[in-house]
1. Can you tell me the Rg and Dmax of segment 93-154, counting just the alpha carbons, in angstroms?
2. For the chain, what's the relative contact order in percent, using C-alpha pairs closer than 8 Å and at least 6 residues apart?
3. Rounded to the nearest whole Å³, what is the per residue volume of the convex hull around the Cα atoms of the chain?
4. Given the Cα-Cα distance of residue 10 and residue 43 and 0.36 nm per residue of separation, how much length would full extension add, in nm?
5. Helix-only mean residue ellipticity at 222 nm, the chain, DSSP H runs n ≥ 4 weighted -39,500 (n - 2.57), per residue, nearest 500. What is it?
6. With labels modelled as points extended 7 Å from the Cα through the Cβ direction, what inter-label distance (nm, one decimal) is found for residue 97 paired with residue 163?
7. By per-residue mean of other Cβ atoms within 10 Å, what is the highest-first order of 134-146, 59-71?
8. If r is the Cβ-Cβ distance from residue 109 to residue 26 and R0 is 25 Å, what FRET efficiency results, to the nearest 0.05?
């Protein structure tokens, strides 16, 4: 699927929250999540597993009857993942239960997905450093829904950020990354 790059709002760049960084690839700027935590301050970044030359986000997950680790690409809007197990996909409405791998603390919250037609009412929540905000990811497997909750930024800026650097539902443009 073709990369759909969108400009990052200047106001967001000026107030870039801790835990999110900008990287340049092929002359374009992209957001990368570099620090997120569980509800008790547990570090959820894996520095030993990388996708696209960046550390991944490491979560414990239950999908269907299976359980294990998932390593998620830290590029904002990418849907590339590595699993430590073979997930049991029961249908298009399969949901993920995510937790902190070491403690088992839940990463789930009640939050309706904004993607038209999804209808999922739960999200995985990841905390940015120093309580600056949260990243929400739709719990429905394959749904591209993700959003930010940030203090001190207008909602329209945060909403725009939620729609940028989208690589496509459950896919990635491998040829675009060949030159990394």
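1. 12.2, 35
2. On the way: 392 pairs, mean separation 43.4, N = 180.
About 24 percent, as a whole number.
3. Working: hull volume 21.4 nm³, N = 180.
Spelled out: Cα convex hull of the chain, divided by residues, is 119 Å³.
4. Working: separation 33, 0.36 × 33 = 11.88 nm, distance 2.87 nm.
Separation in residues times 0.36 nm, less the Cα-Cα distance, equals 9.0 nm.
5. Values: 3 runs with 17 residues, N = 180.
Calculated at 222 nm, the ellipticity per residue is -2000 deg cm²/dmol.
6. 3.5
7. The packing order, highest mean first, is 134-146, 59-71.
8. Values: r = 35 Å, r/R0 = 1.42.
Here the calculated transfer efficiency is 0.10.
Throughout, read-outs are computed from the coordinates displayed, never taken from laboratory work. No experiment lies behind these values; they were computed from the predicted model shown. Note that we place each Cβ from the backbone using ideal geometry, even for glycine, and neighbour counts take in every protein chain shown.
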